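Below you'll find the structure, written out as structure tokens, and then a few comments.
The values are calculated or read from the model by the stated rules, or taken from the named source; none is laboratory data. Bear in mind that the values here come from a model prediction, so they are computed numbers and not experimental data. Don't worry about glycine lacking a Cβ; one is built from the backbone with ideal geometry, like all the others, and counts go over all protein chains shown. For the accessible areas, the whole protein counts, side chains as well, though only heavy atoms, and no ligand, DNA or RNA atoms are used. Shrake-Rupley method; radii C 1.70, N 1.55, O 1.52, S 1.80 Å.
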Amino acid sequence: MQQSLAETVVVPQLSPTARRRQLREKAIAGFITLMAFTGIAALVLIIVFVAKEALALFTDAHAQQEASPAKMFLPQVARAGRPATFTWQPVSSVPKVSMIPLFIGTLKTTLVSMLVAVPLGVAGALFAAEFAPRRLREFLKPIIELLAGIPSVVLGFFALMVLATFLQDTFGFTYRLNAVVAGLGLALAIVPVIFTVAEDALTAVPRSYREASLALGATPWETAWKVVLPAAAPGILAACVLGFGRAIGETMIILMASGNAAIVSANLGDSVRSLSATIAAEMGEVVVGSPHYSLLFFIGVELFVFTFILNMVASAWTKRVLKRLTGGAS
């Protein structure tokens, strides 16, 4: 009986059109998978190449003698009879390769840019998502997003020729090109990034949240500030992380508007030199295979590690916030 039933089962045959559609879908899925793995492989190869070029600092005796970890991160005596200092001067009779001035310069410019760009970007996104009329929103968002397409060299030129003179005349800076000028130039570059991602996050908050808040007697401002903004906190954090990563990795604006002086100082009015600008300024003239060459690649590794750690911390914090919002944690 079972054999007779099995013999009567008829396997449906696909029509030629359905078979072609199935093959096309498989081909498209395979192509997308190939492109995804190609991007991942390219990223891995870039990391391996940069790390391989920097590895000489730890394997070559001559490179270790010139750029050891102690010389990179601890104060060194540049001249006999003078106190130990942090100095970046890799091309000299006695190379001085302290990373501390570069770290300080990078943090100063990034701090200024984030202090300006985060409030402007988030406030602009909150206005566009919650308070702007529909027609104004449809006009405002594309205009701000277009600002992200302005070349960084144009923003750097604007900071060099306009912002630097204006800020020096206004605040009396000793150095015309300094961390404030470079930071404001960076802020112009990252405000569109923060605005776009934050506005998308605010728009994605369910409308029921707003309606429930208004039904309980809250004003539109209280609803936006106490309901919508906390609900969109993970997306807003992602916007800030993207802006922070753009500020750290930006080269041309820093190269043109910071003064490029590796000075250890807490004064934002002093000239600075960032990690990324150091690579851009010195890579074109460095001797391939020299300790200086490996040192520049090591700076690239540091930037990658720093950005990776920042993204990991932001991802962990975002998961905690989402868990709290969904009631998974008290």
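Largest accessible area first, the listed residues SER271, SER92 line up as SER92, SER271 when surface is computed with a 1.4 Å probe on the assembled protein chains. Here segment 198-213 and segment 241-300 have alpha carbon centers that stand 40 Å from each other.
Counted as membrane-span-like here are DSSP H helices of the chain whose alpha-carbon atoms extend 27 Å or more along the helix's own axis and whose Kyte-Doolittle mean is 1.6 or above; these are 100-126, 179-203. Each distinct pair of alpha carbons in the chain adds a 1/r term; the inverse of their mean, the Kirkwood radius, is 23.9 Å. Taking only protein heavy atoms into account and a 1.4 Å probe, give the accessible area per residue of segment 96-326 in Å². On a per-residue basis, segment 96-326 sits at 49 Å².
Of the Cα atoms belonging to segment 18-59, the radius of gyration and Dmax stand at 18.3, 60 Å. As a fraction of the 1.4 Å probe accessible area of segment 228-328, surface on carbon and sulfur atoms comes out at 68 percent.
If the elastic network links every pair of Cα atoms under 10 Å, which of GLY235, GLY172, GLY121 fluctuates the most in the Gaussian network model of the chain? Of GLY235, GLY172, GLY121, the most mobile in the Gaussian network model is GLY172.
Given 0.36 nm per residue, what is the gain on full extension from LEU74 to PHE31 after removing their alpha carbon distance, in nm? Result for the pair: 10.4 nm of gain on full extension.
Compared with the rule-of-thumb size 2.2 N^0.38 Å for a compact globular protein, segment 74-209 has a Cα radius of gyration ratio of 1.46. Here the label points at PHE308 and ALA18, each 7 Å from Cα along the C-beta direction, are separated by 4.9 nm in the simple model.
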